[in-house]
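We did not get these values from a lab; they are worked out from the coordinates using the rules stated. A quick note: this is a predicted structure, and the numbers were derived from the prediction, not measured. Note that we place each Cβ from the backbone using ideal geometry, even for glycine, and neighbour counts take in every protein chain shown.
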Amino acid sequence: MPDPTRAPSTRALRLGICGPVGTGKSSLIMTICASLAAELEIGVVTNDIYTDEDARMIRAAGVLPSARVVAVETGACPHTAIRDDVTANLMAVEDLEAAFALDLVLVESGGDNLTATFSPALVDTQIFVIDVAGGGDVARKGGPGIERADLLVVNKTDLAPHVGVAVEEMCADATAAREGRPVLALSRHDPDLVALLLDWVRGQVASHAAGTLVPADPGPMAPHFHAETGWHSHDDHPLTHQH
Ligand SMILES: Nc1nc2c(ncn2[C@@H]2O[C@H](COP(=O)(O)OP(=O)(O)O)[C@@H](O)[C@H]2O)c(=O)[nH]1
Ligand SMILES: [Mg+2]
């Protein structure tokens, strides 16, 4: 239900791309840029633990002018930079928006595990990416991103026959976990599936511009373990936990 008190937005849509390492987040960003750069003004913020590897890869792909791709180095706790203390990411997004008249800023999360999600203070909408190579049971394992991200992408469907995964079953599991939220099977090698992704992105940009997009928080990540400090959760105040 659109919120009638929300004014149409004049800033870019901020779209977060989250999910485990290697599931295809940077590739998905490059696909969106390559396909939509003619119709939308796009910028990208990447998060890497120690390097600017993802930003360099996206710049090297030549899908955007280099200055529109900015890297945030997160240190050893990449989920904190997208969830608890989003300052560095927000500054990177706002700098891009100030430098270029953008319609869309894509924020890629740092390589992390199944449990990390973006704060609604940083992004307006978010995609969680899993892939068939991670195993057919990943969707059943749940977590805030799989269950409540605005879109769940089940990626690399072209690999399914090689890794013995039934894509339909995996998507059905995901759909059951998501209470009606959308699930998209995707392969960058399948233009029909890529077209569905692009339509979803266009729809989000349009409803953001119209002021009808209401950011939904998937919720905090589950309690988890760091070797140095042991178990902690991210539902506490950002300043009260240390890594
Ligand atoms: N077969 C296949 N490989 C893909 C697809 N998308 C990405 N990849 C590959 O998966 C690997 C990891 O991709 P990347 O985008 O760097 O993942 P990220 O760590 O989530 O950003 C790379 O070798 C990509 O070429 C896809 O749709 N199909
Ligand atoms: Mg990446």
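Spacing of the modelled spin labels on Ile49 and Ala61, each 7 Å from Cα toward Cβ, amounts to 2.2 nm.
Remark: spin-label model distance Val163-Ala210 equals 3.6 nm, labels positioned 7 Å along the Cα→Cβ axis. Here the alpha carbons of region 13-210 define both size measures, Rg and Dmax, at 15.7, 47 Å. What you get for region 13-210, charging only the Cβ of Lys and Arg (+1) and of Asp and Glu (-1), is a dipole of about 140 debye around the Cα centre. Checking the a/c ratio against 1.5 first, then a/b against b/c, what shape does the Cα gyration tensor give for region 126-197? Oblate, because a/c is 1.5 or more while a/b does not exceed b/c. If R0 is taken as 30 Å, the Cβ-Cβ distance between Asp190 and Asn113 corresponds to a FRET efficiency of 0.65. 3J(HN,Hα) along region 58-67: 5, 4, 5, 5, x, 8, 9, x, 3, 5 Hz, from the Karplus curve 6.51 cos²θ - 1.76 cosθ + 1.60 with θ = phi - 60°, whole Hz, x for Gly and Pro. Annotation: amide H of Leu184 within the under-5 Å range of Leu152, Val153, Val154, sequence separation 5 or more or interchain, hydrogens built in the peptide plane. Positive contributions from Lys and Arg (+1) and negative ones from Asp and Glu (-1), summed over other residues with Cβ under 13 Å from the Cβ of Arg188, come out at -2. Most simply put, the chain has about 10% antiparallel DSSP beta bridges, counting only bridges with both residues inside it.
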